[in-house]
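Data first, discussion second: the structure below is written as structure tokens.
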Amino acid sequence: MERTKRVFDIIFSLMAVLFFLPLGIIIGVIIKWVSPGPVFHVCSRVGKDGEAIECWKFRTMCVDSQEKLRKILKENPKLKREWETFYKLKDDPRIFGFGKFLRKTSLDELPQFLNVLRGDLSVVGPRPVTEEEVYKYFREKADKILSVRPGLTGIWQTSDRNLLTFAERVRLEEQYVDQHSLLMDLRIIVKTIPAMFFAKGAF
């Protein structure tokens, strides 16, 4: 299963890179135009078996986003509770206008097809998380969920996404690990497309 999945990942990602390359160039130009700073954002995540990986995304936030987040959480208890529940903010002031569109449509994650080609990610799998999220939310389920390669998309994306609490997300990721197959991956990929366009629960 793992070898078949890897072959599928490579073929699918090569086709995706070639297909989305013109769109990626346009997105990069717009980002440089509307927001000072780099086109890409590289974030550290936990990969298969706990190995550290670096995931590529189109940048959607201002360059001093971490400093702003610390200030926001310190000054606003309500937003702090929202962050601790969802690990996201619905109306995040750090995200610039075009960045909001990229996030709602998941277009900010197109560069992660390069991560799939490198073997850091799979096309479908549990979403990659930070070390903090592993210790805070995965806990005793960490080894199980991290036993498979994280995915560019997954069962969480085709559910209610950010409308779910992190605890509910963990339950879905565990369900994927228990039941995953090539057929299940294909179904998730097919369901991901309308999830992108209608952006249900995305922010």
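The values are calculated or read from the model by the stated rules, or taken from the named source; none is laboratory data. The model shown is predicted, which means the values in this text are computed figures rather than measured ones. We place every Cβ from the backbone using ideal geometry, glycine too, and count neighbours over all the protein chains shown. Note: areas computed on protein heavy atoms with side chains; ligands, DNA, RNA excluded. Shrake-Rupley method; radii C 1.70, N 1.55, O 1.52, S 1.80 Å.
Of note:
- Ranking of 72, 27 by solvent-accessible surface, largest first: 72, 27 (1.4 Å probe, protein heavy atoms only, all chains present).
- Largest to smallest accessible area among 9, 64 [probe 1.4 Å]: 64, 9
- If you plug the beta carbon distance of residue 171 and residue 131 into 1/(1 + (r/R0)^6) with R0 = 25 Å, you get a FRET efficiency near 0.75.
- By the rule of a C-alpha distance below 20 Å, with chain neighbours fewer than 8 residues away ignored, the lysines paired with residue 191 are 5, 104, 200.
- Computed [θ] at 222 nm, helices only, for the chain once each DSSP H run of length n ≥ 4 contributes -39500 (n - 2.57): -16500 deg cm²/dmol
- For residue 98, the accessible surface of its heavy atoms amounts to roughly 40 Å² (probe 1.4 Å, protein chains only, rounded to the nearest 10).
- Beta bridges per DSSP, both residues in the chain: antiparallel share near 80 percent.
- The spacing between region 7-51 and region 124-179, judged by their C-alpha centroids, is 21 Å.
- Gyration tensor analysis over the Cα atoms of the chain returns equivalent ellipsoid semi-axes of 26, 22, 15 Å (largest first, whole Å).
- Length gained when the stretch residue 68-residue 49 is fully extended (0.36 nm per residue, less Cα-Cα span): 3.6 nm
- The relative contact order of the chain, computed from alpha carbon pairs under 8 Å that lie at least 6 residues apart in sequence, is 24 percent.
- Counting heavy atoms of the protein chains alone, residue 183 has an accessible area of about 100 Å² for a 1.4 Å probe.
- For residue 155, solvent-accessible area (1.4 Å; no DNA, RNA or ligand), Å²: 20 Å²
- Vicinal HN-Hα couplings computed from phi for region 76-85 (Karplus, 6.51 cos²θ - 1.76 cosθ + 1.60; Hz; Gly/Pro x): 10, x, 5, 5, 5, 5, 4, 5, 5, 7
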